[in-house]
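Asker: Pasting a structure here, questions to come.
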Amino acid sequence: MRRHDASIHYSAPDTAPVVLVVIDMFSSFDDPQTAPFFKAAKRIAGKIARLRQRANDNDIPTLFANDNYGRWKSDGRQMLQWAARSERGKQIVDLLTPGNEDYVILKPKHSIFFSTPIETLLRYLGTHTLILTGLSSTRCVLFSGIEAYMRDFRVYAPMDCLVSEDVREHRMAKFLFDTRLNADTRHSSRLQLGRMKRAASAD
């Protein structure tokens, strides 16, 4: 896509070689499917928030990709309002509320790439590297990582910013990220974002 394409020229920065992606962190955490994740989600939300602040300091944008709970009658703002109506959900929203400079995309299935505009946006931004965080390491984050790898993105998956229902499954996810996706799974505090951005810019 040409840089001067007027359709999205004013809705995205000119370039973003690295993008921080936060997956499925907004929910009520009240239903049987999401309730088991709440304690772990709250724990990693603080770590993601700190990583996001460091990303902001390095001019790395954050993209929130979340399940659509509104039966296709909601947008990002309505989704956040719905999550915040739950006492549990509000705790996560308070830590990670998207700002005006962030991107919010609703996804219909596990992968952030399936039937969403993310790939078009990333191409426009000239993105080469994705930092994947959120829920869960064995499902949506893993599926997204596989598709990112297939599209030749460099993948970082800091395991302290990911969670699964089961510790053993989480370890299995780390093994897959390390050995099959050639991902970097080091602790988020060890990510050298400035160096990462320079390396991605050189690609």
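Asker: Give me the number: length gained by fully extending GLN78 to ARG43, i.e. 0.36 nm times residue separation minus the C-alpha to C-alpha distance, one decimal in nm.
Answerer: Taking 0.36 nm per residue and subtracting the Cα distance, the gain is 10.2 nm.
Asker: Given segment 43-124, what whole percent of its Cα pairs are spread farther than 17 Å?
Answerer: 52 percent
Asker: Let me ask another. With each pseudo-label sitting 7 Å past Cα toward Cβ, what's the GLU165-ARG123 distance in nm, one decimal?
Answerer: 3.6 nm
Asker: Placing +1 at every Lys and Arg Cβ and -1 at every Asp and Glu Cβ, with all other atoms neutral, what dipole size does segment 101-163 have around its Cα centre, in debye to the nearest 20?
Answerer: Using only the charged Cβ atoms, the result is roughly 220 debye.
Asker: Simple spin-label model, 7 Å along Cα-to-Cβ: ASP31 to GLN192 in nm?
Answerer: Rounded to a tenth, the inter-label distance reads 4.4 nm.
Asker: Where does the chain land at 222 nm, in deg cm²/dmol rounded to the nearest 500, when only DSSP H runs of n ≥ 4 count, each adding -39500 (n - 2.57), divided by all residues?
Answerer: Details: 7 runs with 81 residues, N = 203.
When only DSSP H runs of four or more count, the value is -12500 deg cm²/dmol.
Asker: Continuing with the same structure: Could you work out the relative contact order of segment 88-187, using alpha carbon pairs under 8 angstrom and six or more residues apart, expressed as a whole percent?
Answerer: Values: 117 pairs, mean separation 22.9, N = 100.
Once normalised by length, the contact order is 23 percent.
Asker: Dipole size in debye (nearest 20) for the chain around its Cα centre, Lys and Arg Cβ +1, Asp and Glu Cβ -1?
Answerer: Here the chain has a charge dipole of around 320 debye.
Asker: Give a quick list of trypsin sites (Lys or Arg not before Pro) in segment 99-175 that DSSP marks as loop, anything other than H, G, I, E or B, with at most 15 other Cβ atoms within 10 Å.
Answerer: Of the trypsin sites (Lys or Arg not before Pro), the ones in loops of segment 99-175 whose Cβ has at most 15 other Cβ atoms within 10 Å are LYS109, ARG151.
Asker: For the chain, build the convex hull from the C-alpha positions and give me its volume per residue in Å³.
Answerer: Dividing the Cα hull volume of the chain by its residue count gives 114 Å³.
Asker: May I pose another question? Rolling a 1.4 angstrom probe over the protein heavy atoms, how many square angstrom per residue are accessible across segment 55-203?
Answerer: 52 Å²
Asker: I've got another one for you. Considering the zone a paramagnetic label at LYS90 would reach in this model (a point 7 Å from Cα along the Cα-to-Cβ line), which residues of segment 19-34 have amide N under 18 Å from it?
Answerer: Inside the label zone: 26-31.
Asker: A further question follows. Could you please state how large a percent of the accessible area of segment 37-111 is carbon and sulfur, counting protein chains only and using a 1.4 Å probe?
Answerer: Values: 1910 of 4220 Å².
Taking all protein chains in place, segment 37-111 shows 45 percent carbon and sulfur surface.
Asker: Restricting to DSSP loop positions (anything but H, G, I, E, B) with no more than 16 other Cβ atoms inside 10 Å of their own Cβ, which chymotrypsin sites (Phe, Trp or Tyr not before Pro) remain in segment 87-126?
Answerer: Within segment 87-126, the qualifying chymotrypsin sites (Phe, Trp or Tyr not before Pro) (loop, at most 16 other Cβ atoms within 10 Å) are PHE114.
The values are calculated or read from the model by the stated rules, or taken from the named source; none is laboratory data. Only a predicted model underlies this, so the values are computations on that prediction, with no experimental measurement involved. Heads up, the Cβs are rebuilt from the backbone with ideal geometry, glycines too, and the neighbour counts pull from every protein chain shown. The area values use the complete protein model at the heavy-atom level, side chains included, leaving out ligands, DNA and RNA. Shrake-Rupley method; radii C 1.70, N 1.55, O 1.52, S 1.80 Å.
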